[in-house]
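Q: Just dropping this structure here.
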Amino acid sequence: MQASLGPIGVFDSGFGGLTILKELRRALPDADYLYLGDNARAPYGTRSFRLVYEFTLQAVQKLFEQGCHLVILACNTASAKALRSIQQRDLPLIDPTRRVLGVIRPTVEAVGSRTHSGAVGLFATPGTVASGSYEIEIDKHSPGTRVYTHACPMWVPLVENLEADDPGADYFVKKDIDALFGKNPDIDTLILGCTHYPILLPKIRQYVPAGVEILSQGEIVAASLLDYLERHPEINERISRGGTATYLTTETADKFNHLASAFMGTAVEADTIRL
């Protein structure tokens with residue numbers, strides 16, 4: 001019997017995962033995608049490990065119910081606090097043929113070939129910084145690399161209030177950049193460890209020292225997905241191919257649509273669901 005087909009599920013606590021979805025669609029345009037934003041309970045960055053895990057598992061199960069065989073956690077906090085538990089504990093019980101992937105590992109795998117000084121900087125939410133996930137994973141893949149972290153609690157609100165281009169954003173971006181590079185001026189590779197942060201790239205580039213390479217996750221995760229599907233044809237064959245993108249949110253659809261359309265650069269119409 002032929003396996004059922006379904007879209008690639010993309011989950012984020014809010015809107016940031018749309019920057020990942022945008023690059024996924026560019027890299028794999030014929031696939032169908034189902035995006036789920038848990039906007040009603042965002043942000044996840046300051047939530048406990050237990051709550052992030054519970055919320056993320058609910059979202060993954062919802063995407064499975066909608067026919068997804070592969071779900072990407074396009075959220076650094078969910079990847080840091082929930083991914084491993086879901087992969088190791090829940091998937092074998094729910095359906096061992098399905099897959100859940102995150103955004104941290106692909107990003108980390110790209111670091112080793114980029115840094116020359118061995119000093120890497122990380123901007124992320126307080127939750128991701130507190131998890132230590134990047135330091136742990138970078139130490140596995142690139143032993144000896146020094147990781148300097150800095151939490152940026154104001155960056156997500158700036159993006160979600162559509163203030164990323166406002167002059168007021170410069171103060172917070174410059175302040176956080178100065179704080180990070182004050183820890184080590186030899187940092188030559190900078191990870192944007194939150195999927196909202198690419199929206200602030202023009203300002204980040206303005207204040208980051210010359211010669212520093214900035215790793216934005218969308219392109220990295222998209223390239224990693226293409227590689228994964230090539231290595232796992234049994235998953236690739238279960239992806240439906242209509243070139244569509246469908247959106248779900250736990251917030252009111254009108255509120256989601258306005259900001260999501262700004263992120264995607266095209267009109268978005270979502271359905272509201274409950275988890």
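The values are calculated or read from the model by the stated rules, or taken from the named source; none is laboratory data. Since this is a predicted model, take the numbers as computed values, not measurements. Here the Cβ positions follow ideal geometry from the backbone for every residue, glycine too, while neighbour counts run over all protein chains shown. We work out accessible area using only protein heavy atoms, side chains counted, and drop any ligands, DNA or RNA first. Shrake-Rupley method; radii C 1.70, N 1.55, O 1.52, S 1.80 Å.
Q: Which helices (runs of 4 or more DSSP H) sit wholly inside the stretch 202-275 and have at least 2 residues that are charged (D, E, K, R) and at pLDDT 95 or above?
A: So the answer is 217-231.
Q: Please work out which one of (1) exposed (fewer than 15 other Cβ atoms within 10 Å of the Cβ); (2) farther than 19 Å from residue 203 by Cα; (3) modelled with pLDDT of 95 or more is the condition residue 171 fails and give its number.
A: With (1) exposed (fewer than 15 other Cβ atoms within 10 Å of the Cβ); (2) farther than 19 Å from residue 203 by Cα; (3) modelled with pLDDT of 95 or more applied to residue 171, the lone miss is (2).
Q: Shifting gears a bit: Where in the stretch 77-177 are there helices (runs of 4 or more DSSP H), lying fully within it, with 3 or more residues that are in contact (Cβ under 8 Å) with a residue 24 or more places away in the chain?
A: In the stretch 77-177, the matching helices (runs of 4 or more DSSP H) lie at 104-111, 126-131, 133-141, 155-160.
Q: Considering every residue within the stretch 20-40, establish whether at least one is closer than 25 Å to residue 256 by Cα and of a type in the set (S, T, N, Q).
A: Yes; the residues of the stretch 20-40 include at least one that is closer than 25 Å to residue 256 by Cα and of a type in the set (S, T, N, Q).
Q: Given the structure, is residue 6 at pLDDT 95 or above, over 15 Å from the mean Cα position of the chain (by Cα) and either open to solvent by less than 10 Å² (accessible area, probe 1.4 Å) or of a type in the set (S, T, N, Q) (or both)?
A: When the stated conditions are applied, residue 6 passes them.
Q: Being among the small types (Gly, Ala, Ser) and closer than 28 Å to residue 6 by Cβ narrows it down to one of 112, 102, 132, so name that one.
A: Of the residues listed, the single one that is among the small types (Gly, Ala, Ser) and closer than 28 Å to residue 6 by Cβ is 102.
Q: Here is a further query. Kindly check whether there is at least one residue in the stretch 243-256 that is free of Cβ contacts under 8 Å to residues at least 40 places away in the same chain, open to solvent by 60 Å² or more (accessible area, probe 1.4 Å), under 25 Å from residue 38 (Cβ atoms) and more than 20 Å from the chain's Cα centre (by Cα).
A: Scanning the stretch 243-256 turns up at least one residue that is free of Cβ contacts under 8 Å to residues at least 40 places away in the same chain, open to solvent by 60 Å² or more (accessible area, probe 1.4 Å), under 25 Å from residue 38 (Cβ atoms) and more than 20 Å from the chain's Cα centre (by Cα).
Q: Here is a further query. With the requirement that a residue be over 16 Å from residue 147 (Cβ atoms) and surrounded by 13 or more Cβ atoms within 10 Å (Cβ to Cβ), what does the stretch 177-203 give you?
A: 177, 195, 196, 197, 198, 199, 200, 201, 203
Q: Turning to a different aspect of this structure: Within the stretch 93-105, identify whether any single residue is open to solvent by less than 20 Å² (accessible area, probe 1.4 Å), touching a Lys or Arg at 6+ places or on another chain (Cβ under 8 Å) and either at pLDDT 95 or above or under 23 Å from residue 219 (Cα atoms) (or both), and answer yes or no.
A: No, every residue in the stretch 93-105 fails to be open to solvent by less than 20 Å² (accessible area, probe 1.4 Å), touching a Lys or Arg at 6+ places or on another chain (Cβ under 8 Å) and either at pLDDT 95 or above or under 23 Å from residue 219 (Cα atoms) (or both).
Q: Can you name the residue in the stretch 204-220 that is among the hydrophobic types (A, V, I, L, M, F, W, C) and under 22 Å from residue 75 (Cα atoms) and is also surrounded by the most Cβ atoms within 10 Å (Cβ to Cβ) among such residues?
A: Checked the stretch 204-220; the qualifying residue surrounded by the most Cβ atoms within 10 Å (Cβ to Cβ) is 204.
Q: Could you pull out the residue among 223, 267 that is of a type in the set (A, V, I, L, M) and closer than 30 Å to residue 41 by Cβ?
A: 267
Q: Considering only the stretch 183-199, state which residues are over 19 Å from residue 134 (Cβ atoms) and either assigned to a helix (DSSP H, G or I) or within 23 Å of the chain's Cα centre (by Cα) (or both).
A: Of everything in the stretch 183-199, just one residue is over 19 Å from residue 134 (Cβ atoms) and either assigned to a helix (DSSP H, G or I) or within 23 Å of the chain's Cα centre (by Cα) (or both), namely 199.
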